[in-house]
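Trainee: Got a structure for you, written out below as structure tokens; questions coming shortly.
Just so you know, all these numbers are worked out from the coordinates, no wet-lab data involved. Bear in mind that the values here come from a model prediction, so they are computed numbers and not experimental data. Glycine also receives a Cβ, built like all others from the backbone with ideal geometry; neighbour counts cover every protein chain displayed.
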Amino acid sequence: MQKLINLGRGTLDYIAAIGSASMMLFGALFAFPTWKNTRLMVHQMYVVGVQSLLIIIVSGLFIGMVMALQGYTILVSYGAEGSLGPMVALSLLRELGPVVTALLFAGRAGSALTAEIGLMKATEQLSSLEMMAVDPLRRVLSPRFWAGVYSMPMLALIFSAVGILGGHLVGVDWLGVDSGSYWSIMQSTVEWNEDVVNGVIKALVFALVVVWIALYKGYHCIPTSEGISKATTETVVYSSLTILGLDFVLTALMFGIS
Amino acid sequence: MTSRKTELLVGIFVALAIAATLLLALRVANQGMAGGGETYTLTARFDNIGGLKARSSVKVGGVIVGRVSRIYLNERDLVPMVEMEISTEYANTFPDTSSLSILTSGLLGEQFIGLKPGFIFPEDLEMIEEDKVCETSPYENCPYLTEGEEIMDTKSALVLEDLIGQFLFNQGNE
């Protein structure tokens, strides 16, 4: 009997959580930044975008370099090292760019968002805002949400571009693949809509998911130091799992059936 | 003043993103040909198209002049039909005696269509000059390949299994 009650309670809690998360998402979506709080959003873009730039550029560079090195050692045994360019470019644009950026973004920016909002809740700043008749959804959540959604695809594009340049550095400058074939075979293989735009769409979806989870976890955390730490961990874990799961679904939709 | 600095850094961030997009568009994806560009359509029937795909390139002596836009099966004869979009930069360039063959770039490379330009009779050249048959819409007598025309002279892709089969057959005869 008690088990049945627990099951029912668990289900209801779960549905309620989904409900309040969706309400929050729609609240943030429709509280589109007006001119008045563009300034808030620009500041948040600095926090989530500009401050993530270093980690994105460094990891993009190294991932591109490693892929060129690994790809070269395999391709050279078939005499197909000319295909190094498309290999690096396609794997970055289609998969690694959006996915690794999203994972780093979840760790770097998502956790920070959760901790910040969680602490605002714990120190009752959010309640004070409501007391002053300022909607925390509009003032606190919406700028962060939109800043994240704008920044993530841009970070993913920078990641892919830096990675391709890193691949060029290792493949062409150090290992001696012909520069002309690196670029020209890449150009004849990579399609704008098929590869680049699909990668940006992926990044956009991941951005929505990561920022949504981060804000929800922060806004609904248990307002204690323990609760905040738990919420932060959950943000990173849930975001990462959702990114990898969604990535398979999106890849199947985009490239599976041709 | 911190706010100004923030705005500047965000501006740099957005500029970097735009630079990355431009690099991807121009250097990596080569938007030049694929983007706009007026094209005209040619069709051709093959016995076997091998590994040809939509978006494969059409080349004349290695120069890309167009792309395969559609591959479908002709329902009457059950042979593959290939539709190609050729850049209008090359309109009224290829004689209608041109031939197509499916070639492979390198040992493991992708397959593409090689277009080999044919010839034009000198009296046809005079006719183009005098009657302007290639300038207005029904191009009936135009000796060049024009919109919607079918190229008759085609060579199929080489299929390794067929080649081996033929080789064995010849060996058996000896």
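Trainee: What's the magnitude of the charge dipole for the protein assembly as shown around its Cα centre, counting Lys and Arg as +1 and Asp and Glu as -1 at the beta-carbon? Answer in Debye, nearest 20.
Mentor: 3320 debye
Trainee: Amide H of residue A:191: which non-local residues (sequence gap of 5 or more, or other chain) have their own amide H closer than 5 Å, using H built in the peptide plane?
Mentor: A:196
Trainee: Now, a different point. Provide, in order from the shortest bin, the percent of all Cα-Cα pairs of the protein assembly as shown in each 20 Å bin, continuing until the bin that contains the maximum pair distance.
Mentor: Pair shares across the bins are 21, 40, 27, 11, 1.
Trainee: Right, here's the next one. Wrap a convex hull around the Cα atoms of the stretch B:55-110, take a quarter of its surface area, and give that in square nanometres.
Mentor: About 5.0 nm², averaged over all directions.
Trainee: Here's another thing I want to ask about it. Over the stretch A:140-258, what is the mean sequence separation of C-alpha contacts under 8 Å (at least six apart), divided by residue count, expressed as relative contact order in percent?
Mentor: 29 percent
Trainee: Here's another thing I want to ask about it. For the residues B:5, A:121, A:3, what sequence is obtained by ranking on other C-beta atoms within 10 Å, fewest first?
Mentor: Sorted ascending by nearby Cβ count, the order is A:3, B:5, A:121.
Trainee: In Å, what Rg and Dmax follow from the Cα atoms of the stretch A:138-227?
Mentor: My reading of the Cα-based Rg and Dmax gives 19.3, 59 Å.
Trainee: Given a cut-off of under 8 Å on Cα pairs at least six residues apart, what relative contact order in percent is computed for chain A?
Mentor: 32 percent
Trainee: Report, to the nearest 10°, how far helix B:2-22 tilts away from the longest principal axis of the Cα atoms in chain B, using its own Cα long axis and a range of 0 to 90°.
Mentor: 10 degrees
Trainee: In degrees, nearest 10, range 0 to 90: what is the angle between the Cα axis of helix B:160-173 and the longest Cα principal axis of chain B?
Mentor: 30 degrees
Trainee: If eta is 1.002 mPa s and T is 20 °C, what Stokes-Einstein diffusion coefficient results for chain A, Kirkwood Rh from Cα pairs, in µm²/s?
Mentor: Here the translational diffusion coefficient equals 107 µm²/s.
Trainee: Another question, if that's okay. For a footprinting-style exposure proxy, rank A:221, B:134, B:142 by other Cβ within 10 Å, fewest first.
Mentor: Lowest to highest Cβ neighbour count: B:134, B:142, A:221.
Trainee: Next question. Once both axes come from the Cα atoms, what is the angle between helix A:142-168 and the longest principal axis of chain A, in degrees from 0 to 90, rounded to 10?
Mentor: 20 degrees
Trainee: Apply the a/c threshold of 1.5 to the C-alpha gyration tensor of chain B and tell me whether it is rounded, prolate or oblate.
Mentor: Note, shape of chain B comes out oblate.
Trainee: Sum -39500 (n - 2.57) across every DSSP H segment of at least 4 residues in the protein assembly as shown, then divide by the residue count to get the 222 nm mean residue ellipticity, nearest 500.
Mentor: Rounded to the nearest 500, the figure is -18000 deg cm²/dmol.
Trainee: Right, another one. Which residue, A:83, A:59, A:188, tops the fluctuation ranking in a GNM of chain A built on C-alpha contacts under 10 Å?
Mentor: The residue that fluctuates most here is A:188.
Trainee: Also: Specify the residue with the greatest mean-square fluctuation among A:69, A:208, A:90, computed from a Gaussian network of chain A linking alpha-carbon atoms under 10 Å apart.
Mentor: Largest GNM mean-square fluctuation: A:69.
Trainee: Restricting to Cα pairs below 8 Å that are 6+ residues apart, what does the relative contact order work out to for chain B? Please round to a whole percent.
Mentor: About 24 percent, as a whole number.
Trainee: Most fluctuating residue of B:44, B:15, B:91 in a GNM of chain B with Cα springs under 10 Å: which is it?
Mentor: So, out of B:44, B:15, B:91, the one fluctuating most is B:15.
Trainee: Mind computing the radius of gyration and Dmax over the alpha-carbon atoms of the stretch A:20-100? Å is fine for both.
Mentor: 20.0, 60
Trainee: Using a 10 Å cut-off around each Cβ, can you sort A:174, A:146 from fewest to most neighbouring Cβ atoms?
Mentor: Listing A:174, A:146 from fewest to most nearby Cβ atoms yields A:174, A:146.
Trainee: Looking at the stretch B:34-103, which GluC sites (Glu not before Pro) are DSSP coil and have at most 14 other C-beta atoms within 10 Å of their C-beta?
Mentor: Here the sparse-neighbourhood loop sites are B:38, B:75.
Trainee: What's the local net charge at residue A:82, with K and R +1, D and E -1, over the other residues with C-beta under 14 Å away?
Mentor: Result for the neighbourhood of residue A:82: -3.
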